[in-house]
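Following: one structure in structure tokens, then a few remarks.
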Amino acid sequence: MNYQGFFRSKLTRLRDEGNYREFAELERHRGQFPSATCHNGPGEVTIWCSNDYLGMGQSPKVLQAMHDALDRTGAGAGGTRNISGTTHDHVLLEDELADLHGKEAALLFTSGYVSNWAALGTLASSIPDCVVLSDALNHASMIEGIRHSRAQKVIWKHNDLADLESKLAALPIDQPKLIAFESVYSMDGDIAPIKEICDLAERYNAMTYLDEVHAVGLYGPRGGGIAEREGLMDRLTVIEGTLGKAFGVMGGYIAASAEVCDFVRSFASGFIFTTALPPAIAAGAAASIRHLKDSDQERAMQQQRVAEVRAKLDAIGLPHIDNPSHIIPVMVGDPMKCKFISDTLLKDYGIYIQPINYPTVPKGTERLRITPSPVHTQQDIDRLVTALEDLWSQCQLARQPLAAQ
């Protein structure tokens, strides 16, 4: 077999379909986010698609905590927590996370992907005859964790309570069940009916596993996510989150009962055999969480910026998915045009928005995923909307009727 030829042909097909992904080599400017330097592009750019939703990756409190921890402890954790020891900063961070979600305990992982893969995989594989009921639009990390568990899997239609109940009702009431779903879905920005899912879980004797990675820090009076906002945290078996989005640092975690966290800690290979986060990362994340527990300013400003961008897009008829979250998917519907718009925004306007194409989203639903933050200015918003309007006309893309707005 010509191995290199095989790799080359697959990459060529990706390019021909408009789905080949290219990296913009960005260097963010400390204290000046969303500004950055694009080293393989036009130079100075404004980032409009970051998951650092609140700009906490540039927070002086977070940076100072990381500098202090680096000076105090050094760079790395030294290995896995089982072999090299659990640092004090890890313990303090897990305490903050347990408190954030009103749970007895929390457990850290190196990323949100790993926490989903390890926790779901361990729980579903260890509980005898467990059936995992997975929302059809769950993240790849959840899908991989469920697949890795080799447990029976039942996929229910996205956010469809009737379909979920029919599938629960088809299972024996005493068979172990785990309902896995997200709060905010990152591509469409819609939100799960958490209360009603909890109602069904209790009716049919199921556990619940809620991924809040696109909600923690952003919703609720202390940033505990949609479940905190709706007063439902105590009804969920496991809440999973990330430290790499609204909290602005890196890492993932679960929050649950002491027994669940200890069980995952004791049996999950994705925890046992993985080098722990550096103490400086843990200290920065803890500082970010503490700040957002007390401050609602960032959340309020972000919601204001989101509303402003939506209103300006409506005023010029650019199609975007209407949802109750902070994510604005501007729909293009063509992979080549989506990539062209993204490339032209970067090259000609100094605006960075990565195209979202297949397989991240279904073919025909290609989009620009815009995430306004508290640190985007009114001038940033005006430049973005003007550039999109120009490119929409250039690409001869359909608009929404203004009368329908």
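A few comments on the model shown:
- Meets criteria (touching a helix residue (DSSP H, G or I) at 6+ places or on another chain (Cβ under 9 Å) and open to solvent by 80 Å² or more (accessible area, probe 1.4 Å)) for R15: no
- Taken over the stretch 345-361, the residue count meeting the criterion of being over 20 Å from Q378 (Cα atoms) and open to solvent by less than 10 Å² (accessible area, probe 1.4 Å) is 1.
- Looking only at the stretch 183-204, and only at residues there that are within 15 Å of L236 (Cβ to Cβ) and either assigned to a loop (DSSP other than H, G, I, E, B) or not hydrophobic (A, V, I, L, M, F, W, C) (or both), the one that is farthest from the chain's Cα centre (by Cα): E202
- Filtered by the rule that a residue be in contact (Cβ under 8 Å) with a residue 24 or more places away in the chain and over 20 Å from T344 (Cβ atoms), the stretch 19-49 gives R28, R30, G31, Q32, F33.
- Wholly within the stretch 72-157, strands (runs of 3 or more DSSP E) carrying at least 1 residues that are open to solvent by 50 Å² or more (accessible area, probe 1.4 Å) and farther than 22 Å from F247 by Cα: 152-156
- Count - residues of the stretch 245-272 that are hydroxyl-bearing (S, T, Y) and open to solvent by less than 40 Å² (accessible area, probe 1.4 Å): 2
- Restricting P176, P172 to residues that are open to solvent by 10 Å² or more (accessible area, probe 1.4 Å), modelled with pLDDT of 95 or more and either within 13 Å of the chain's Cα centre (by Cα) or within 21 Å of N116 (Cβ to Cβ) (or both) narrows the list to P176.
- Cβ-Cβ under 8 Å pairs, at least 6 apart or on other chains, the stretch 280-308 side under 14 Å from Y53 (Cα atoms) and touching a residue at least 40 places away in the same chain (Cβ under 8 Å), far side of a type outside the set (V, I, T) and open to solvent by 40 Å² or more (accessible area, probe 1.4 Å): S288/K61; L292/R222; D296/P221
- Subset of the stretch 220-230 that is crowded, with 20+ Cβ neighbours inside 10 Å and either free of Cβ contacts under 8 Å to residues at least 12 places away in the same chain or in contact with a strand residue (DSSP E or B) (Cβ under 8 Å, 6 or more places away or on another chain) (or both) - its residue that is farthest from V132 (Cα to Cα): G220
- Residues within the stretch 216-263 that are closer than 11 Å to S115 by Cβ and of a type in the set (D, E, K, R), tallied: 1
- Whichever residue in the stretch 21-45 is in a loop (DSSP other than H, G, I, E, B) and under 10 Å from Y352 (Cβ atoms) and, among such residues, is modelled with the lowest pLDDT: G41
- Number of the condition not met by T275 [criteria: (1) in a helix (DSSP H, G or I); (2) surrounded by fewer than 18 Cβ atoms within 10 Å (Cβ to Cβ)]: (1)
- Every pair of residues 6+ apart whose Cβ atoms lie under 8 Å, when the first sits in the stretch 328-348 and is hydroxyl-bearing (S, T, Y) while the second is part of a strand (DSSP E or B) and at pLDDT below 95: S342/P355
- Only one of A300, A280, A311 that is modelled with pLDDT of 95 or more, of a type in the set (G, A, S), within 30 Å of A398 (Cβ to Cβ) and more than 17 Å from the chain's Cα centre (by Cα): A311
- Apart from one condition, I341 fits all of (1) under 21 Å from F23 (Cα atoms); (2) modelled with pLDDT of 95 or more; (3) under 23 Å from the mean Cα position of the chain (by Cα); the exception is (3).
- One residue from K177, K195 being free of Cβ contacts under 8 Å to residues at least 60 places away in the same chain and touching a strand residue (DSSP E or B) at 6+ places or on another chain (Cβ under 9 Å): K177
- Search result, residues across the stretch 307-329 that are open to solvent by 10 Å² or more (accessible area, probe 1.4 Å), in a helix (DSSP H, G or I) and β-branched (V, I, T): I316
- For the stretch 29-59, the set of residues classified as under 19 Å from A246 (Cα atoms) and over 20 Å from the mean Cα position of the chain (by Cα) consists of H29, R30, G31, Q32, S35, A36, T46, listed by residue number.
- Residue within the stretch 278-295 that is touching a strand residue (DSSP E or B) at 6+ places or on another chain (Cβ under 9 Å), surrounded by fewer than 24 Cβ atoms within 10 Å (Cβ to Cβ) and of a type in the set (D, E) present: no
The values are calculated or read from the model by the stated rules, or taken from the named source; none is laboratory data. Everything numeric here is computed off the predicted structure, so don't read it as measured data. Quick reminder, even Gly has a Cβ in these numbers, built from the backbone with ideal geometry, and neighbours come from all protein chains shown. The accessibility values were calculated without ligands, DNA or RNA, using every heavy atom of the protein model including side chains. Shrake-Rupley method; radii C 1.70, N 1.55, O 1.52, S 1.80 Å.
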